[in-house]
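Below is one structure, written out as structure tokens, with a few remarks after it.
The values are calculated or read from the model by the stated rules, or taken from the named source; none is laboratory data. Remember, it's a predicted structure, so these values are computed and weren't measured experimentally. For neighbour counting, all protein chains shown are included, and Cβ atoms are generated from backbone atoms with ideal geometry for every residue, glycine included. Heavy atoms of the whole protein, side chains included, go into the accessibility calculation; ligands, DNA and RNA do not. Shrake-Rupley method; radii C 1.70, N 1.55, O 1.52, S 1.80 Å.
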Amino acid sequence: MPATVSLRDRKRRETRERLEETALRLFAARGYDHVTVEDVCREAQVGPATFYRHFGTKEEVVFAYRTGFDEAMQAAIASAHGEAGRSEQLLRVLRSFAGHLQSQRASLALRDRIVLGHDGLMRRTLADQRAVETQLARGLAELRGLPEPDDAVVAEAAVGMVVLRLAVRSWREGRSDHLPTATEAAYALVRQVLDDDGT
């Protein structure tokens, strides 16, 4: 019985991955608004009912990475429990999460091509980024033994997101091959800017 369940689960996962890969490829090639669920199903050789079992809407395919993001952020926060200082904890979390982003490089680049220039998808992207920032703030509060993020933790999380954006930009422009290293450099730069007293 366990082998049968395992086979069924594997086939279900393979179908979901095929649908996702097919949809993203079509969205990138034709434009998100010019591809229907039926187009995706025809290309992936499955019925619409199968699509809707895996993805409630067409938009959910584009943002299917969110589960992986949430899990990666939780793991990143857990990895920082041994760090003593606030800055060390934040950098540890950011480096770990950057490692996940690097592992998803091709997929994220494809999704960016789909999202850029589409107002609705951009709004969802910005909302998802805010959700990641909120998750980071809650994780930092947990590391500090706080029941809820205070103003300092909220500010740290915001700074952390700026660091990641700078690092990703450097990485995508080819100025760094290793996103966690680019994250360290961006973190050092932000600290230098914040510590600069103008003298």
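Computed on segment 1-100, with alpha-carbon pairs under 8 angstrom and 6+ residues apart, the relative contact order is 18 percent.
The spacing between segment 47-76 and segment 104-168, judged by their C-alpha centroids, is 17 Å. For the chain, averaging the sequence separation of C-alpha pairs within contact (under 8 Å, six or more residues apart) and dividing by the residue count gives a relative contact order of 18 percent. Share of carbon and sulfur in the accessible area of the chain stands at 51%, probe radius 1.4 Å.
For GluC sites (Glu not before Pro), the sites in segment 143-194 that DSSP calls loop and that have at most 11 other Cβ atoms within 10 Å are Glu173. Using a simple spin-label model with pseudo-atoms 7 Å out from Cα toward Cβ, Asp177 and Arg66 lie 3.6 nm apart. The magnitude of the dipole of segment 53-124, with charges of +1 and -1 set on the Cβ of Lys/Arg and Asp/Glu and taken from the Cα centre, is near 180 debye. About its Cα centre, the chain has a charge dipole of approximately 900 debye under the convention of +1 per Lys or Arg Cβ and -1 per Asp or Glu Cβ, with nothing else charged. Accessible area per residue for the chain, computed on protein heavy atoms with a 1.4 Å probe, is 57 Å². Evaluating 6.51 cos²θ - 1.76 cosθ + 1.60 at θ = phi - 60° for every residue in segment 10-25, the Karplus couplings come out as 5, 5, 5, 5, 5, 5, 4, 5, 5, 4, 5, 4, 5, 4, 5, 4 Hz, glycine and proline recorded as x. In loop segments of segment 119-161 as defined by DSSP, the trypsin sites (Lys or Arg not before Pro) with at most 15 further C-beta atoms inside 10 Å of their C-beta are Arg144. Between Ala84 and Asp9, the modelled label-to-label distance comes to 4.2 nm, taking each label 7 Å out from Cα in the direction of the beta carbon.
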